[in-house]
Amino acid sequence: MTTTLSKLVSTYIQTHRLIQPHDRVLVGVSGGPDSTALLHLLHRLAPGWPISLGVAHFDHKLRGADSQDDAAWVAKLAEALKLPFFHGEGDVRRHAQQEKISVQMAARQLRLKFFHTIRQRHHYHKLALGHTADDQLELFFLRLLRGSGPEGLKGMWPQSPTGIIRPLLGTPKTRILAWLASCQLPFREDASNLSRHYRRNQLRLDLLPQLLSYNPRLPAAVEHLQALLQEQEEYLSQEAAINLDRLKTAAAACPSLPVDGLLALPPAIQRRVLRLALAQAGVDLNRLTFDHVEAARKLAQRPQPAGEISLPGGWRLVRQYSELQFTKESPVPTPWSEFILPEQGGGMLNALGRTFTWTSELPAENYDFSSAHPSIALMDQQRLDFPLRLRTFRPGDRFQPLGMTGVKKLQDFFVDAKVPRQERPFIPLLLSREQIIWVVGYRLAETVKITAETHQIFKVEARAIREHTP
C-alpha cells in the first residue's frame, strides 16, 4: 500500500508536471488526513527529486481550543520532519459578515491569502494543497446544484496559474485513509466535518451516498466529463482572452465592453468573455453562477439602451447605451444635502465634489463670451432670488432647459443627454428659490438666460475637485 500510493502520486505529479527539480514547495496543512498524507508523501519523495518543503497552517479560530490544538499539532509535525513552519490566523466570522459571504468562503479566502503571502515572502515556487478526488466530486455537484455553467463544472485543475498544485486530486479519500492507517500516521479529526449545518457536509453525508447507490462508478463518470470540459475550456479560454483584449475599451482593472462587439461573438465565447472581464474587474468567480452570466448577456441583448444588474461582492454590470461597464457599488450621496452660496457679490465654496466660484454685477455690455464652457454658467442676475442653493437630484425634479418652451423631468433630461446612470446622483444642481437654474456641466435653464434686456451678469464656475472620484 505504501509503495503503491507513493508511485501513484509520483506518477500524477510527473504526468501533470506539477513539480520541477529543485522547486521550493510550501504545503498547506490543516492537520486533517488529506493534507497530512500529502505532507508525508512529498517529504518521502523530496530527496529523490530533489525539492525543499515548508509547512503552512492557518488557524480560522472557529473551533476554540480545538483550533489551537490543531495549530500546535501541525507545528510539532513540521518540527519532527525538520521543516520550516509558518503559522497564521484570522477572524473568519468577521470577514464573512463584512464581505456578506458564507463562513466557509471567508475561511477559504483568508487561508489562501495567508498561504500566498508566505509563498511569495519566502520564495516558494509552488503551494501544494491536499484536495482529493472526493473533493473534486463534491465540488462538481455543489456547483451543479448552484447553477454553474461548463466553466464551473470543469472543477479544480491539477495546477493553477497562481502556483497552486494538487498532487492528490486523482486519489480517492478511502485510499488516503488506508495509506495513513498502514503507515500508522496520526492526523487530526475535525468534528465540524460531520455537522449538517454546512451544505457541503449535507451533500457528502446525504446526497452523494444516494447517487452512488444508483451508480457506483459515478466518480469515474464525473472525472471523464470534467476532463472533457477542461480540454474545451482551455481552448475557449484562449479565444475569450484574445477577444477580450480586442474589445475592452477601458483600463484592464475595470473593462468596458462594446455591446455590438460582444453580441457579434458566438454565445459560448460571449459567456467566457464576460466571465474573464468580470474576473479582471475583481469579481470572485467562485460566487458567479451561470445565471449571473446569462443575465449579463440579456442586458446586452435588450433593446433598451440602459439598465444594470447586481453581481456578487457588491459589483454591478451597467448598460450605458453602446457599452457594458463593470463597476463597484459605491455609496450615493444623500440627495437632500444642500449648500448655500452665502454671498451675492462673490465667493467660493467646495461642495458636491466641485469648487464653485461666483461673481455678480458683471456689466452685460461688451462682455466677452468667448470663455463659455460647460463648467461656466452665465445668468441674468435680475432673474435670480438670493441666496442660491446647491443640491443633488431628487425624484420628481423638473426644469426648463435652455432653448425649450416647456418644463421637462430631470430624469428624462438625463436620459436624452445620455448621462450615465451611475453619475446622475452626483451631478450638482443650482437652484433659485425652488427652481433648478443650472444642471452643472450640462444645461442652463431658459428662465435665467441672458437677453437683450440683461444689464448685469451673474457668473458661476464649477471645477471638479481632483481628489473627488464619484
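Select, from Glu434, Glu446, the only residue that is more than 26 Å from Gln320 (Cβ to Cβ) and touching a residue at least 12 places away in the same chain (Cβ under 8 Å).
Working: Glu434 fails: touching a residue at least 12 places away in the same chain (Cβ under 8 Å).
So the residue among Glu434, Glu446 that is more than 26 Å from Gln320 (Cβ to Cβ) and touching a residue at least 12 places away in the same chain (Cβ under 8 Å) is Glu446.
The lone criterion from (1) closer than 25 Å to Lys328 by Cα; (2) part of a helix (DSSP H, G or I) left unmet by Gln382 is number (1).
Do we find that Leu194 is of a type in the set (A, V, I, L, M, F, W, C) and either surrounded by 13 or more Cβ atoms within 10 Å (Cβ to Cβ) or modelled with pLDDT of 90 or more (or both) in this structure?
It is false that Leu194 is of a type in the set (A, V, I, L, M, F, W, C) and either surrounded by 13 or more Cβ atoms within 10 Å (Cβ to Cβ) or modelled with pLDDT of 90 or more (or both).
Hey, among Ala128, Ala56, Ala106, which residue is among the aliphatic types (A, V, I, L, M) and either surrounded by fewer than 16 Cβ atoms within 10 Å (Cβ to Cβ) or without any contact (Cβ under 8 Å) to a residue 40 or more places away in the chain (or both)? Don't jump to the end; show me each part of the working.
Details: Ala128 fails: either surrounded by fewer than 16 Cβ atoms within 10 Å (Cβ to Cβ) or without any contact (Cβ under 8 Å) to a residue 40 or more places away in the chain (or both); Ala56 fails: either surrounded by fewer than 16 Cβ atoms within 10 Å (Cβ to Cβ) or without any contact (Cβ under 8 Å) to a residue 40 or more places away in the chain (or both).
Only one candidate qualifies: Ala106.
Of all the criteria given as (1) under 38 Å from the mean Cα position of the chain (by Cα); (2) modelled with pLDDT of 90 or more; (3) farther than 30 Å from Leu324 by Cβ, the one not satisfied by Asn350 is (2). Being modelled with pLDDT under 85 and of a type in the set (D, E, K, R) is the filter here; which residues of segment 275-306 pass it? Correct list: Asp284, Arg287. With respect to the conditions (1) surrounded by 21 or more Cβ atoms within 10 Å (Cβ to Cβ); (2) modelled with pLDDT under 95, Ile164 falls short on a single one, namely (2).
So is Leu153 of a type outside the set (Ser, Thr, Tyr) and buried (at least 18 other Cβ atoms within 10 Å of the Cβ) or not? Here the answer is yes, as Leu153 does meet what is asked. Scan segment 8-29 and give yes if some residue there is touching a strand residue (DSSP E or B) at 6+ places or on another chain (Cβ under 8 Å), assigned by TED's automatic domain parsing to the domain that holds Ala191 and free of Cβ contacts under 8 Å to residues at least 24 places away in the same chain, otherwise no. No, that holds for no residue. In this structure, does Gly147 turn out to be under 20 Å from Ile19 (Cα atoms) and in the same structural domain as Val74 (by TED's automatic domain parsing)? Against the criterion (under 20 Å from Ile19 (Cα atoms) and in the same structural domain as Val74 (by TED's automatic domain parsing)), Gly147 does not qualify.
The values are calculated or read from the model by the stated rules, or taken from the named source; none is laboratory data. The model shown is predicted, which means the values in this text are computed figures rather than measured ones. Reconstructed Cβ throughout: ideal geometry from the backbone, glycine too, with neighbour counts over all protein chains shown.
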